[in-house]
Amino acid sequence: MTNPTATLLISCPDRRGLVAKFANFIYSNGGNIIHADQHTDFAAGLFLTRIEWQLDGFNLPREFIAPAFNAIAQPLGAKWELRFSDTVPRIAIWVSRQDHCLFDLIWRQRAKEFVAEIPLIISNHSNLKVVAEQFNIDFQHIPINKDNKAEQEAQQLELLRKYKIDLVVLAKYMQIVSADFISQFPQIINIHHSFLPAFIGANPYHRAFERGVKIIGATAHYATADLDAGPIIEQDVVRVSHRDEVDDLVRKGKDLERVVLARAVRSHLQNRVLVYGNRTVVFE
């Protein structure tokens, strides 16, 4: 799409006439809606919607859209986010030693499967510096242990500010990000295998093999203070059998992690994920 668009993600207490109110805001200002989706969570009593419209011909300048819409949203008790399609997000990818998710995200970004810049890779090991150099991406090696964690996380936050990062992707970053860090920078997507909580810790595929599991999976979610318990964006599974060895489980697991993480990042970058409570709506 060459013409820029604006997207509103809205959640508010459910009531009659919400679709009309939001659509009329865009119509009355000369906008043309090109995508609209909605969902009502009756248990939570919430109406959730995503509305995207063309900015070409829209009467309000960009800087006036947010305050104008807020005048409508505030009396409704609505929470909302406004995004523009021609704003290119900047991603920092965090890794440890495994490279499969890192390579996949870089290749997809280079193939223009999603629109973003990747100016920075941060790692607690130096192994993947060669990958960053291969793709001309700045690499920062920040080793972390229990004694220097606060100091090193402060350095990481400074780097995010320096590089003007909008989203952190934990692409098999094998460190726990502290609650304090997340409170200062909440836009973090994590990927992990879906054995949790059955096989927490090291070598989950080996222990799954020993238990004779029949399905393995991967989950991408937003990071929160509760470890691996944030709002889920994307998941997938694949069947395994008695013929599969540990190496087969690892290979299948890595394939899933690549695809699931890429889907989650793409949905986030396309402004299709609406978080409410500890849940998400991912609009098609």
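Tell me, what is the percent relative contact order of the chain, built from C-alpha pairs under 8 Å that lie six or more residues apart?
Details: 475 pairs, mean separation 44.9, N = 284.
Once divided by the residue count of the chain, the mean separation gives 16 percent.
Just to be sure I understand: of the beta bridges DSSP finds with both ends in segment 1-143, what percent are antiparallel, rounded to 5? Percentage antiparallel, nearest 5: 75. log10 I(q)/I(0), Debye, Cα-only segment 41-143, no solvent, q = 0.11, 0.12 Å⁻¹? Evaluating at q = 0.11, 0.12 Å⁻¹ gives log10 I(q)/I(0) of -0.60, -0.67.
Charge dipole (Cα centre; +1 on Lys/Arg Cβ, -1 on Asp/Glu Cβ; no other charges) of the chain amounts to roughly 300 debye. For segment 154-255, the Cα-based Rg and Dmax, in that order, read 15.8, 50 Å.
The alpha-carbon atoms of segment 87-212 define a convex hull whose volume equals 128 cubic angstrom per residue.
Dividing the mean sequence gap of close Cα pairs (under 8 Å, 6+ apart) by how many residues segment 82-188 holds gives a relative contact order of 34 percent. Histogrammed with a bin width of 10 Å, the alpha carbon distances of the chain distribute as 6, 25, 31, 23, 12, 3, 0 percent, first bin at zero. If you run the Gaussian network model on the chain, springs between alpha carbon atoms under 10 Å, then out of Ile137, Ile118, Ile232 the most flexible one is Ile137.
Considering only DSSP beta bridges with both partners in the chain, what is the antiparallel share in %, to the nearest 5?
Details: 40 of 56 bridges.
Expressed as a percentage, antiparallel bridges in the chain total about 70.
Picking from Ala264, Ile33, Leu55, whose Cα lies most toward the positive end of the charge dipole for the chain (charges on Cβ: Lys, Arg +1; Asp, Glu -1)? Highest projection toward the positive end goes to Ile33.
Any idea what log10 I(q)/I(0) is at q = 0.13, 0.28, 0.32 Å⁻¹ for segment 15-64, Debye with uniform C-alpha scatterers and no solvent? For the requested q values the scattering log ratios are -0.36, -1.08, -1.24. Taking +1 at the Cβ of each Lys and Arg and -1 at the Cβ of each Asp and Glu, which of Ile232, Leu249, Tyr222 sits farthest along the dipole of segment 220-261 towards its positive end, judged by Cα position relative to the Cα centre? Highest projection toward the positive end goes to Leu249. The value of relative contact order for segment 177-256, using C-alpha pairs under 8 Å at least six residues apart, is 31 percent.
Beta carbons within 10 angstrom, averaged per residue: use that to sort the peptides 43-50, 275-282, highest first.
Numbers: 43-50: 17.5, 275-282: 15.6.
Order by mean packing, descending: 43-50, 275-282.
Among the GluC sites (Glu not before Pro) in segment 218-265, those located in a DSSP loop and surrounded by at most 14 other Cβ atoms within 10 Å of their own Cβ are Glu245. Candidates Phe209, Ile144, Ala116 compared by Cα position along the dipole of the chain: farthest toward the positive end lies Phe209, with charges placed on Cβ. Let's test the formula: R0 of 45 Å, r as the Cβ-Cβ distance of Glu151 and Tyr276. What FRET efficiency results, to the nearest 0.05? That gives a FRET efficiency of 0.80.
Bear in mind these aren't lab numbers, they're just calculated from the coordinates by the rules spelled out. Owing to the predicted nature of the structure, the values given are computational and were not obtained by experimental measurement. For neighbour counting, all protein chains shown are included, and Cβ atoms are generated from backbone atoms with ideal geometry for every residue, glycine included.
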